[in-house]
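What follows is a set of notes on a single structure, which appears directly below.
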Amino acid sequence: MNLYQVKINNVRTQPITKLLLLLCLYGSFWGVAQEKQHFRGPLTVGQFQGEAEYDFQVVEGDTILDGPFSMIRSNLNALLEDKDNFFSFIGGFKNGYPNGDWNFQFGEFQSGEGTKVIDLQYRLNVSGTTNGASGTISMGRPNGLWTFDSKKIENSEIEEKLFSSTITFENGIPQKSFKIENETSTLVGRFLRNGLAHDVWTLYTDNDSGTSESWFFDNGLLRKVEKLNDAATEAWSLYGSSLPEEKVINLDARYLKILQLWNASLGSIELETTGISQLLAQNAGHYKEIDDILSAMGKSQFLPEFKVKVGHYPLDSLETGAIESLEKLYARSSEISQSLLNDTQLNILRRSDGEAQFLYAVTQELHTRFLEPNGKLLDYKRENLLEFIPRKQLLDYLWPKGMPSPTLEILNSANQMTRSFSGPDLENYDVKALDILSAEKMLQYASSSLDSIAKLLNDRLQKESRLQEVIGLEETMIANVDHLNKLTDSLQAQTSRLESKALKKIQSFAEDQLKSYSNMEDSPEKVEQGKQIMKCLEQLDGLALKIANLPSKWEHIQETYMDAVWNPFMANIMNEEVKKRITGAYKNVLIPHVLNKVIDGLNCGNAQNISNLLTNLDQRMLELRDADTSKLERKLRKEKNPATILNLFNLQSLED
């Protein structure tokens, strides 16, 4: 049977077998010896969930794997319905360390074309991808030959090799020659017995581009890189014949970043997208996946320790102190700079305000010349790269034009004139050479300059904000008064004399408020006063509408208080007003009282209360139409006091 075929056995399960399977599903423990136990059942390891079987010991409350181990997952139903993600881990442990021969298989399969029945077994072809790794582990470390491979499977046949890696280890240290390949490239190289990269590492490509690449190592030191591209060879020398100090590190992502940074700082050929870097990163990813699995179950040091040497340029105590100071200064200065550059109001203001535009341009220059290079410097420190690049070489790369001048020349694009800016800390900007201590002084100068710019701009922004707010308030106030004037003018002919007089009072009072505002001196208090007048004008507008609607409200009340009665003299049904004392109190006492209050006592403090009283009074009149009001009507017989009548109507008077 082909390796990538699925078998489905036609076997009848006996009752006792079913019982055992049920017990296994939930996991079962039994003692093999007093110290050693056995487990069989479901297990989760990282992102993997499957059926596992292993031996273990419990030592001081900790589960220590010891003995054969297997963990498998496959789902036939999932495969038949759509696809199945399968895996199997087969190996062993010794006192908690992965140990012995191990085999890992991962894959994602879909059912392929064609099935067969052979010896009462269905054989189903599958298609997808499979990843495998196998070799020997010695107490958590790879030992001997380890192979990794990824394949594309089509109908249970290998269609394409996607990745392959063969490396020999001795107790975790790579030895001798190795080979890593993917669909398009093959990398070959070798290590010394101590794991250091040595001799020529060569990349061969299978496509028609004719490109290849070689890294020349000498006892761990990368001396030269050659890249053949379209028959032209580009060469780049890294370390010379001798270094002041060397350090052995792993050939990992950090080492590749060191090469990229070194390369960039010298303006040499780029390494970031080269095939060797890609293949090494791809290989490291496969080893890390296995290390993550093993580390979740025991003590693992499975990551391959490819060793290289690099130049080492450690920071002294003064530089370390300067870096710590840089981190604080950069965090604060960057926050101020970004806040100003991204301020929407400032971006609008600077288009019409020359001083704001000048200060904005200075902020941009400080950010570009002082902050950005220091930000990169701190990134290199956080990534642990700083001590592996010669200091002058790195700083020359960050500031290719040398130490920035503290006096910034800003060009005005409108008139093509330049204007100078010097920060408040100019006298302390005494920089003789480009080094880490100078970078600290740069950032101190930039920080104090940004502080002063922020204060100047914030003052302008606050003044501009107040100005814009005042303009907006005044425009709205004028619009409200104009609307109120048009409203009252249009209603004069439709209202009674008293209502008309009240509307004129509202109109004149609104004009007085606007005049009072215009006589105020410009100040923050004027803005607050303007907001209060705005609120008052809105309330006056609402009150004017309520008064204008009084005739229609009265007409509705009259209709509501009409009742159909039989007239024996006319021998017909006629409408007759009912509860005349209630409607009379409304028409002849309460409404005149409210209107006179507007005429004689209107202010911003009672405008809303008067408006509310008219609303509540209208609602109360509708409620009293269907209520038992005989007692109320008796009390209203001779009552003419507005406050008393409001109290009888259960309404709050304006004097309360």
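The values are calculated or read from the model by the stated rules, or taken from the named source; none is laboratory data. Bear in mind the structure is a predicted one, so any value in this text is a computation, not a measurement. When we count neighbours, we look across all protein chains shown, and the Cβ atoms used for this are built from the backbone with ideal geometry, even at glycine. Accessible surface areas use protein heavy atoms only, side chains included; no ligands, DNA or RNA. Shrake-Rupley method; radii C 1.70, N 1.55, O 1.52, S 1.80 Å.
Please give the number of the condition LYS116 fails out of (1) assigned to a strand (DSSP E or B); (2) within 44 Å of the chain's Cα centre (by Cα).
(2)
Does GLU655 qualify as being part of a loop (DSSP other than H, G, I, E, B) and free of Cβ contacts under 8 Å to residues at least 24 places away in the same chain?
Yes, satisfied.
Taking the stretch 401-459 as the search range and keeping residues that are part of a helix (DSSP H, G or I) and of a type in the set (D, E, K, R), which one is least open to solvent (accessible area, probe 1.4 Å)?
So the residue we want is GLU440.
Being over 24 Å from MET534 (Cβ atoms), open to solvent by less than 50 Å² (accessible area, probe 1.4 Å), β-branched (Val, Ile, Thr) and at pLDDT 90 or above: is that true of VAL598 here?
no
Restricting to the stretch 169-187, and then to whatever is closer than 19 Å to THR136 by Cα and crowded, with 18+ Cβ neighbours inside 10 Å, can you tell me which residue is farthest from the chain's Cα centre (by Cα)?
GLN175
Does THR560 satisfy the criteria of being within 25 Å of LEU590 (Cα to Cα), surrounded by 14 or more Cβ atoms within 10 Å (Cβ to Cβ) and not assigned by TED's automatic domain parsing to the domain that holds HIS593?
Answer is no for this residue.
Just for helices (runs of 4 or more DSSP H) wholly inside the stretch 246-356: which have at least 1 residues that are among the aromatic types (Phe, Trp, Tyr) and outside the structural domain of TYR397 (by TED's automatic domain parsing)?
Ranges flagged: 253-266, 275-297.
So, in the stretch 504-518, exactly how many residues are under 13 Å from GLU474 (Cα atoms), open to solvent by 40 Å² or more (accessible area, probe 1.4 Å) and polar (S, T, N, Q)?
Here the count works out to 2.
From the list GLU511, GLU528, pick out the single residue that is closer than 30 Å to LEU349 by Cβ and in the same structural domain as ASN603 (by TED's automatic domain parsing).
The unique qualifying residue is GLU528.
Residue-by-condition table, conditions (1) assigned by TED's automatic domain parsing to the domain that holds VAL188; (2) more than 30 Å from THR184 (Cα to Cα); (3) under 42 Å from the mean Cα position of the chain (by Cα):
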{"position": "SER74", "(1), (2), (3)": "yes, yes, yes"}
{"position": "ASN77", "(1), (2), (3)": "yes, yes, yes"}
{"position": "ASP82", "(1), (2), (3)": "yes, yes, yes"}
{"position": "ASN99", "(1), (2), (3)": "yes, yes, no"}
{"position": "GLU108", "(1), (2), (3)": "yes, no, yes"}
{"position": "SER111", "(1), (2), (3)": "yes, no, yes"}
{"position": "LEU124", "(1), (2), (3)": "yes, yes, no"}
{"position": "THR130", "(1), (2), (3)": "yes, no, yes"}
